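Read through the structure below, which is laid out as structure tokens, and then see the notes.
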Amino acid sequence: MTGIGALSLALHQWRLAARHRLDAMTDPLTGLVNRRALFDRYGQGTMGPATAVLVFDLDHFKLINDTFGHAGGDRVLKVFAGELAANCRAGDIAARLGGEEFALVLKEMAPGRAEMVAERIRKAFAAREIYLEDETLKCTVSVGVAPGRSMPMDFDAMLSAADKALYVAKRAGRNRIELASRLHSVPAGAIRTGS
């Protein structure tokens, strides 16, 4: 009987530890993986030519929080997280980096496809109607895209390149995607299909 009790206790402890590990790697608001989990998975690795890193930042998010409060802002974050998750394939990772910033790591991407994914997400989010306090809100997102390159890069460098491209998109008017590889503008609605 004591052997069964010890085994039951050990199993309970293992389940509890597994739950704590999962909680430590998950953003509690959106259910996406968090920054820590993203870096645990990719932080020390190199990214090949078929991998792309996208960084998203919700436009004018402070105004949303100021107007609708943090509950309204949280609702917008959840809607965007759902849009990201809906555009993930097996092997892709969607993460909340913090605040209103998100990342998407795309695997097995043909040249030019990461920009198409970014544009699809940008357009879908801009078309969403979000209901807050008896008002209908439309939100937009800016995106920085670091497509894979022929020479492998470490994850941190790709994330940094995507982040720099994101800030170019912000300065260029928001609600657009910007490519890190060339830092050429990709206005809303326009897609670059070549490399």
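The values are calculated or read from the model by the stated rules, or taken from the named source; none is laboratory data. Computed from a prediction, not measured in an experiment: that's the story for all the values here. Methodologically, a virtual Cβ is constructed for each residue, glycine included, from the backbone with ideal geometry; neighbour enumeration extends over all protein chains shown.
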>> Can you tell me which of (1) at pLDDT below 95; (2) out of contact with any Gly (no Cβ under 6 Å at 6 or more places or on another chain) is the one PRO152 doesn't meet?
In response: (2)
> Do you know which of the residues in region 117-144 that are touching a Ser or Thr at 6+ places or on another chain (Cβ under 8 Å) and buried (at least 16 other Cβ atoms within 10 Å of the Cβ) is nearest to ALA172 (Cα to Cα)?
Replying inline: ARG122
> Looking only at region 57-73, which residues are surrounded by fewer than 14 Cβ atoms within 10 Å (Cβ to Cβ) and either within 24 Å of ILE177 (Cβ to Cβ) or under 17 Å from the mean Cα position of the chain (by Cα) (or both)?
Replying inline: LYS62, LEU63
> With respect to the numbered conditions (1) outside any helix (DSSP H, G or I); (2) at pLDDT below 95, which one is the sole condition not fulfilled by THR67?
Replying inline: (1)
>> Filter region 98-125 down to the residues that are of a type in the set (Gly, Ala, Ser), free of Cβ contacts under 8 Å to residues at least 60 places away in the same chain and part of a helix (DSSP H, G or I) and list them by number.
In response: ALA124
> Which one of these does SER142 not meet: (1) polar (S, T, N, Q); (2) assigned to a loop (DSSP other than H, G, I, E, B); (3) in contact with a strand residue (DSSP E or B) (Cβ under 7 Å, 6 or more places away or on another chain); (4) on the phi < 0 side of the Ramachandran plot?
Replying inline: (2)
>> So ALA118 passes all but one of these: (1) in contact with a Lys or Arg (Cβ under 8 Å, 6 or more places away or on another chain); (2) closer than 21 Å to ASP156 by Cα; (3) at pLDDT 95 or above. Which condition number does it fail?
In response: (1)
>> Suppose the filter is modelled with pLDDT of 90 or more, loosely packed, with under 14 Cβ neighbours inside 10 Å and more than 25 Å from MET47 (Cα to Cα); does ALA86 pass it?
In response: no
> within 15 Å of LEU38 (Cα to Cα) and in contact (Cβ under 8 Å) with a residue 24 or more places away in the chain: does that describe ALA95?
Replying inline: yes
> Counting just the residues of region 8-58 that are among the β-branched types (Val, Ile, Thr) and either part of a helix (DSSP H, G or I) or over 23 Å from ALA165 (Cα atoms) (or both), which one comes out modelled with the highest pLDDT?
Replying inline: THR30
